[in-house]
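The values are calculated or read from the model by the stated rules, or taken from the named source; none is laboratory data. Values in this document were obtained by computation on a predicted structure and should not be read as measured data. Positions of Cβ are backbone-derived with ideal geometry, glycine not excepted, and every protein chain shown enters the neighbour counts. Side chains are part of the model used for accessible areas, which takes the heavy atoms of the whole protein and leaves out ligands, DNA and RNA. Shrake-Rupley method; radii C 1.70, N 1.55, O 1.52, S 1.80 Å.
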Amino acid sequence: MPELPEVEGVVRDLRPIVEGKTIESVSLSDVVYTSHEAGKQAIVKNAKPSQFELLVRDMKIDKLERRSKYIFFHLKKDDERFILVNHLGMSGAWFVVTDVLEITEEKFRKHIHAIFTLASGELLVYADIRRFGELRFIKEIADHPPLLKMAPEPFDEIACDFFIMQSEKPKFAKKPIKEVIMDGQVISGCGNIYATEALFKMLIHPGKATNELSREQKTTLFHVICDVLQESIDSGGSTISDYRSINGGAGTMQHRLKMYGKKQCVVCETNTESLVIAGRTSTYCPQCQK
Ligand SMILES: [Zn+2]
(Lines give C-alpha, C1' and ligand atoms only; values in the text may rest on other atoms or scores of the structure.)
Protein backbone atom coordinates (compact mmCIF):
# COMPACT_ATOMS: atom_id res chain seq x y z
CA MET A 1 0.00 0.00 0.00
CA PRO A 2 1.43 3.39 -0.91
CA GLU A 3 2.46 5.34 2.17
CA LEU A 4 3.30 9.03 2.49
CA PRO A 5 6.56 8.97 0.46
CA GLU A 6 4.97 7.11 -2.45
CA VAL A 7 1.98 9.48 -2.53
CA GLU A 8 4.36 12.45 -2.32
CA GLY A 9 6.21 11.01 -5.32
CA VAL A 10 3.01 10.77 -7.34
CA VAL A 11 2.06 14.36 -6.49
CA ARG A 12 5.52 15.69 -7.38
CA ASP A 13 5.38 13.88 -10.72
CA LEU A 14 1.81 14.89 -11.55
CA ARG A 15 1.96 18.51 -10.41
CA PRO A 16 3.96 20.02 -13.28
CA ILE A 17 1.94 18.09 -15.86
CA VAL A 18 -1.63 18.72 -14.72
CA GLU A 19 -1.68 21.95 -12.70
CA GLY A 20 -3.40 24.73 -14.58
CA LYS A 21 -5.06 22.36 -17.03
CA THR A 22 -8.79 22.00 -17.57
CA ILE A 23 -10.72 18.75 -17.46
CA GLU A 24 -12.87 18.63 -20.59
CA SER A 25 -14.67 15.42 -19.76
CA VAL A 26 -14.44 12.32 -17.60
CA SER A 27 -15.30 8.78 -18.41
CA LEU A 28 -15.63 6.05 -15.79
CA SER A 29 -15.30 2.33 -16.41
CA ASP A 30 -18.20 -0.10 -16.79
CA VAL A 31 -16.96 -1.77 -13.60
CA VAL A 32 -17.57 1.46 -11.66
CA TYR A 33 -21.08 1.77 -13.14
CA THR A 34 -21.96 -1.90 -12.50
CA SER A 35 -20.70 -1.75 -8.94
CA HIS A 36 -22.86 1.29 -8.19
CA GLU A 37 -25.89 -0.43 -9.74
CA ALA A 38 -25.23 -3.34 -7.38
CA GLY A 39 -25.30 -0.96 -4.38
CA LYS A 40 -21.52 -0.93 -3.90
CA GLN A 41 -19.37 2.11 -4.54
CA ALA A 42 -16.26 1.00 -6.35
CA ILE A 43 -13.79 3.89 -6.50
CA VAL A 44 -16.28 6.76 -6.91
CA LYS A 45 -17.54 7.36 -3.40
CA ASN A 46 -20.10 10.05 -2.85
CA ALA A 47 -21.83 10.47 -6.19
CA LYS A 48 -23.38 8.30 -8.84
CA PRO A 49 -20.95 7.67 -11.68
CA SER A 50 -23.03 9.70 -14.14
CA GLN A 51 -23.21 12.59 -11.63
CA PHE A 52 -19.48 12.43 -11.03
CA GLU A 53 -18.80 12.70 -14.75
CA LEU A 54 -20.92 15.87 -14.90
CA LEU A 55 -19.52 17.40 -11.71
CA VAL A 56 -15.89 17.26 -12.75
CA ARG A 57 -16.43 18.40 -16.32
CA ASP A 58 -14.95 21.81 -17.25
CA MET A 59 -13.10 22.13 -13.93
CA LYS A 60 -9.65 23.63 -13.92
CA ILE A 61 -7.04 21.75 -11.87
CA ASP A 62 -5.82 24.70 -9.86
CA LYS A 63 -3.43 23.00 -7.46
CA LEU A 64 -2.30 19.55 -6.38
CA GLU A 65 -1.59 18.82 -2.75
CA ARG A 66 -0.66 15.76 -0.74
CA ARG A 67 -2.24 15.47 2.69
CA SER A 68 -1.22 12.34 4.60
CA LYS A 69 -1.81 9.51 2.10
CA TYR A 70 -4.41 11.47 0.11
CA ILE A 71 -4.04 13.45 -3.08
CA PHE A 72 -6.14 16.62 -3.22
CA PHE A 73 -6.89 17.94 -6.69
CA HIS A 74 -8.03 21.50 -5.94
CA LEU A 75 -10.51 22.33 -8.68
CA LYS A 76 -11.94 25.63 -9.83
CA LYS A 77 -14.82 26.57 -12.06
CA ASP A 78 -15.62 30.28 -12.39
CA ASP A 79 -15.37 31.46 -8.78
CA GLU A 80 -16.31 28.16 -7.22
CA ARG A 81 -13.79 25.82 -5.65
CA PHE A 82 -14.00 22.10 -5.10
CA ILE A 83 -11.68 19.26 -4.14
CA LEU A 84 -11.33 15.91 -5.82
CA VAL A 85 -9.88 13.68 -3.12
CA ASN A 86 -8.00 10.58 -4.23
CA HIS A 87 -6.71 7.73 -2.10
CA LEU A 88 -4.65 5.15 -3.99
CA GLY A 89 -5.87 2.24 -1.86
CA MET A 90 -3.67 -0.82 -2.39
CA SER A 91 -2.83 -0.40 -6.05
CA GLY A 92 -4.05 2.87 -7.52
CA ALA A 93 -1.84 4.53 -10.15
CA TRP A 94 -1.98 7.66 -12.29
CA PHE A 95 -0.81 8.01 -15.87
CA VAL A 96 -0.70 10.99 -18.21
CA VAL A 97 -0.69 9.83 -21.82
CA THR A 98 -2.11 10.77 -25.19
CA ASP A 99 -3.39 7.24 -25.80
CA VAL A 100 -4.13 4.53 -23.20
CA LEU A 101 -2.04 2.11 -25.25
CA GLU A 102 0.97 4.03 -23.97
CA ILE A 103 0.35 2.37 -20.59
CA THR A 104 2.68 -0.53 -21.17
CA GLU A 105 2.01 -2.56 -18.04
CA GLU A 106 -1.00 -4.63 -18.96
CA LYS A 107 -2.16 -5.14 -15.37
CA PHE A 108 -2.73 -1.38 -15.13
CA ARG A 109 -4.06 -0.94 -18.67
CA LYS A 110 -6.68 -3.63 -18.00
CA HIS A 111 -7.88 -1.87 -14.88
CA ILE A 112 -8.43 1.69 -16.00
CA HIS A 113 -11.37 3.14 -14.07
CA ALA A 114 -11.32 6.84 -14.87
CA ILE A 115 -10.11 8.76 -17.88
CA PHE A 116 -10.02 12.53 -17.52
CA THR A 117 -9.65 14.14 -20.94
CA LEU A 118 -7.76 17.39 -20.54
CA ALA A 119 -8.27 20.39 -22.82
CA SER A 120 -4.58 20.02 -23.74
CA GLY A 121 -5.47 16.73 -25.46
CA GLU A 122 -3.72 14.65 -22.79
CA LEU A 123 -5.48 11.91 -20.87
CA LEU A 124 -5.15 11.79 -17.10
CA VAL A 125 -5.80 8.14 -16.35
CA TYR A 126 -6.57 6.45 -13.04
CA ALA A 127 -5.97 2.70 -12.96
CA ASP A 128 -6.58 0.51 -9.94
CA ILE A 129 -6.02 -3.23 -10.01
CA ARG A 130 -7.65 -4.10 -6.71
CA ARG A 131 -10.16 -1.23 -6.68
CA PHE A 132 -9.55 -0.18 -3.06
CA GLY A 133 -8.76 3.35 -4.20
CA GLU A 134 -11.14 6.29 -3.93
CA LEU A 135 -12.22 9.31 -5.93
CA ARG A 136 -14.39 11.66 -3.91
CA PHE A 137 -15.70 15.02 -5.15
CA ILE A 138 -16.32 17.45 -2.29
CA LYS A 139 -16.84 21.16 -1.74
CA GLU A 140 -14.67 21.37 1.37
CA ILE A 141 -12.75 19.11 3.75
CA ALA A 142 -15.60 19.13 6.28
CA ASP A 143 -17.78 17.31 3.74
CA HIS A 144 -15.80 14.16 4.51
CA PRO A 145 -15.31 14.08 8.31
CA PRO A 146 -12.52 11.44 8.40
CA LEU A 147 -10.29 14.02 6.71
CA LEU A 148 -10.72 16.31 9.72
CA LYS A 149 -9.41 13.63 12.08
CA MET A 150 -6.07 13.21 10.34
CA ALA A 151 -2.96 13.88 12.39
CA PRO A 152 -0.87 16.89 11.28
CA GLU A 153 1.68 16.38 8.53
CA PRO A 154 4.66 14.64 10.15
CA PHE A 155 7.01 17.43 9.07
CA ASP A 156 4.84 20.10 10.76
CA GLU A 157 6.28 21.61 13.92
CA ILE A 158 3.32 20.51 16.03
CA ALA A 159 3.32 16.89 14.81
CA CYS A 160 5.64 15.46 17.47
CA ASP A 161 3.72 16.98 20.40
CA PHE A 162 0.51 15.82 18.78
CA PHE A 163 1.89 12.27 18.57
CA ILE A 164 2.94 12.28 22.24
CA MET A 165 -0.44 13.65 23.31
CA GLN A 166 -2.40 11.09 21.30
CA SER A 167 -0.17 8.20 22.41
CA GLU A 168 -0.95 8.97 26.07
CA LYS A 169 -4.71 8.79 25.57
CA PRO A 170 -6.27 5.68 27.16
CA LYS A 171 -7.48 4.65 23.69
CA PHE A 172 -3.87 4.23 22.50
CA ALA A 173 -1.70 3.85 25.62
CA LYS A 174 -2.04 0.08 25.99
CA LYS A 175 -1.95 -0.75 22.29
CA PRO A 176 1.18 -2.08 20.57
CA ILE A 177 3.43 0.80 19.53
CA LYS A 178 3.39 -0.35 15.91
CA GLU A 179 -0.39 -0.14 15.74
CA VAL A 180 -0.30 3.37 17.23
CA ILE A 181 2.32 4.79 14.85
CA MET A 182 0.43 3.33 11.86
CA ASP A 183 -2.80 5.06 12.96
CA GLY A 184 -3.47 8.12 10.79
CA GLN A 185 -5.10 9.87 13.76
CA VAL A 186 -1.77 9.72 15.60
CA ILE A 187 0.83 10.17 12.84
CA SER A 188 -0.02 10.98 9.22
CA GLY A 189 1.22 8.76 6.44
CA CYS A 190 3.30 6.12 8.27
CA GLY A 191 2.19 2.63 7.20
CA ASN A 192 3.57 -0.86 7.57
CA ILE A 193 6.85 -0.42 5.69
CA TYR A 194 8.08 2.72 7.45
CA ALA A 195 6.74 1.71 10.88
CA THR A 196 8.67 -1.57 10.55
CA GLU A 197 11.84 0.28 9.56
CA ALA A 198 11.61 2.93 12.29
CA LEU A 199 11.02 0.38 15.07
CA PHE A 200 13.98 -1.66 13.89
CA LYS A 201 16.23 1.42 13.89
CA MET A 202 15.12 2.12 17.45
CA LEU A 203 15.48 -1.59 18.44
CA ILE A 204 11.91 -1.52 19.77
CA HIS A 205 9.73 -4.62 19.55
CA PRO A 206 6.64 -3.83 17.44
CA GLY A 207 4.32 -5.45 19.99
CA LYS A 208 5.60 -3.41 22.94
CA ALA A 209 2.81 -1.52 24.71
CA THR A 210 2.91 2.18 23.88
CA ASN A 211 2.83 3.20 27.55
CA GLU A 212 6.00 1.22 28.23
CA LEU A 213 7.95 3.73 26.16
CA SER A 214 9.26 6.83 27.89
CA ARG A 215 8.45 10.27 26.48
CA GLU A 216 12.04 10.59 25.44
CA GLN A 217 11.91 7.29 23.53
CA LYS A 218 8.67 8.33 21.85
CA THR A 219 10.16 11.66 20.84
CA THR A 220 13.19 9.93 19.34
CA LEU A 221 10.97 7.36 17.63
CA PHE A 222 8.93 10.17 16.08
CA HIS A 223 12.05 11.80 14.65
CA VAL A 224 13.29 8.44 13.35
CA ILE A 225 9.95 7.97 11.55
CA CYS A 226 10.33 11.42 9.96
CA ASP A 227 13.89 10.57 8.89
CA VAL A 228 12.76 7.28 7.30
CA LEU A 229 9.89 9.03 5.50
CA GLN A 230 12.23 11.76 4.25
CA GLU A 231 14.83 9.22 3.08
CA SER A 232 12.11 7.44 1.15
CA ILE A 233 10.76 10.67 -0.40
CA ASP A 234 14.32 11.42 -1.53
CA SER A 235 14.58 7.95 -3.13
CA GLY A 236 11.25 8.27 -4.93
CA GLY A 237 9.44 5.89 -2.56
CA SER A 238 9.46 2.10 -2.37
CA THR A 239 8.36 0.18 -5.42
CA ILE A 240 6.73 -2.87 -3.89
CA SER A 241 4.01 -5.01 -5.52
CA ASP A 242 1.52 -2.81 -7.38
CA TYR A 243 2.66 0.65 -6.44
CA ARG A 244 3.93 2.87 -9.26
CA SER A 245 4.60 6.58 -9.41
CA ILE A 246 3.08 8.20 -12.46
CA ASN A 247 3.48 6.58 -15.85
CA GLY A 248 4.82 3.39 -14.26
CA GLY A 249 7.89 5.05 -12.73
CA ALA A 250 9.67 3.32 -9.88
CA GLY A 251 11.33 4.49 -6.67
CA THR A 252 14.39 2.86 -5.14
CA MET A 253 13.71 2.94 -1.39
CA GLN A 254 12.96 -0.82 -1.40
CA HIS A 255 16.72 -1.40 -1.77
CA ARG A 256 17.41 0.62 1.37
CA LEU A 257 14.95 -1.15 3.66
CA LYS A 258 16.64 -2.94 6.56
CA MET A 259 13.82 -5.01 8.09
CA TYR A 260 10.61 -4.88 6.02
CA GLY A 261 10.32 -8.15 4.10
CA LYS A 262 13.67 -9.47 5.41
CA LYS A 263 14.28 -13.09 6.38
CA GLN A 264 17.40 -12.33 8.41
CA CYS A 265 18.42 -9.45 10.64
CA VAL A 266 21.06 -7.34 8.89
CA VAL A 267 22.73 -6.64 12.25
CA CYS A 268 22.92 -10.01 14.05
CA GLU A 269 21.88 -12.45 11.27
CA THR A 270 19.19 -14.01 13.47
CA ASN A 271 16.14 -15.17 11.50
CA THR A 272 13.44 -12.53 11.68
CA GLU A 273 10.01 -13.29 13.13
CA SER A 274 6.66 -11.79 12.42
CA LEU A 275 3.50 -10.90 14.25
CA VAL A 276 0.18 -9.69 12.92
CA ILE A 277 -0.53 -6.26 14.38
CA ALA A 278 -3.58 -4.29 13.28
CA GLY A 279 -4.05 -6.76 10.44
CA ARG A 280 -0.56 -6.20 9.04
CA THR A 281 2.45 -8.50 9.10
CA SER A 282 5.07 -7.01 11.37
CA THR A 283 8.58 -8.31 10.81
CA TYR A 284 11.14 -7.86 13.57
CA CYS A 285 14.38 -9.28 14.97
CA PRO A 286 13.70 -11.24 18.16
CA GLN A 287 17.31 -10.66 19.21
CA CYS A 288 17.71 -6.92 18.61
CA GLN A 289 14.20 -5.59 19.19
CA LYS A 290 12.98 -5.62 22.79
ZN1 LIG B 1 19.11 -8.68 15.05
Taking θ as phi - 60°, what are the ³J(HN,Hα) couplings along the range 260-274 by the Karplus curve (6.51, -1.76, 1.60), each to the nearest whole Hz, with x for Gly and Pro? 4, x, 8, 8, 10, 5, 6, 8, 10, 6, 5, 5, 6, 10, 9
Cα centre as origin, Lys/Arg/Asp/Glu Cβ charges: the chain dipole, Debye: 880
Okay, helix-only estimate at 222 nm for the chain: each DSSP H run of n ≥ 4 adds -39500 (n - 2.57), divide by all residues, round to 500 deg cm²/dmol; what do you get? -8500 deg cm²/dmol
Estimated Rh, the range 230-276: Kirkwood, alpha-carbon pairs, angstrom: 12.1
Quick query: amide H of residue 244 versus all other amide H atoms, modeled in the peptide plane; which residues come in under 5 Å with a sequence gap of 5 or more or a different chain? none
Expressed as a whole percent, how much of the Cα-Cα distance distribution for the range 18-168 exceeds 22 Å? 44
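Quote to one decimal, in nm, the extra length available between residue 271 and residue 148 on full extension: 0.36 nm per residue of separation minus the C-alpha distance between them.
Length difference between fully extended and current span is 40.1 nm.
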³J(HN,Hα), Karplus 6.51/-1.76/1.60, whole Hz, each residue of the range 200-206, x for Gly, Pro: 5, 4, 7, 6, 9, 5, x
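Hey, any idea what % of the chain's accessible area is carbon plus sulfur with a 1.4 Å probe?
Working: 6470 of 13290 Å².
Its accessible area is 49 percent carbon and sulfur atoms.
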Accessible area (Å², per residue) of the chain, counting only protein heavy atoms and a probe of 1.4 Å: 46
Which residues' amide hydrogens lie under 5 Å from the amide hydrogen of residue 113, considering only partners 5 or more residues apart or on another chain, with H built in the peptide plane? 126, 127, 128
Nearest-0.05 FRET efficiency for residue 217 and residue 41 at R0 = 51 Å, using Cβ-Cβ distance, is 0.75
Let me check I've understood the local charge: for residue 283, count other residues with C-beta under 14 angstrom from its C-beta, Lys and Arg +1, Asp and Glu -1. What total comes out? +4
Extending each Cα 7 Å along its Cβ direction at residue 104 and residue 161, get the distance between those two points in nm, one decimal. 5.0
Stretched out fully, how many nm does the piece from residue 12 to residue 48 gain, at 0.36 nm a residue minus the Cα gap? 10.0 nm
Apply the Karplus curve 6.51 cos²θ - 1.76 cosθ + 1.60, θ = phi - 60°, to the phi angles in the range 4-12 and return the couplings in whole Hz, x for Gly and Pro. 3, x, 5, 5, 4, x, 4, 5, 5
Just want to confirm a number: the relative contact order over the chain, from Cα pairs under 8 angstrom separated by 6+ residues, in percent. 19
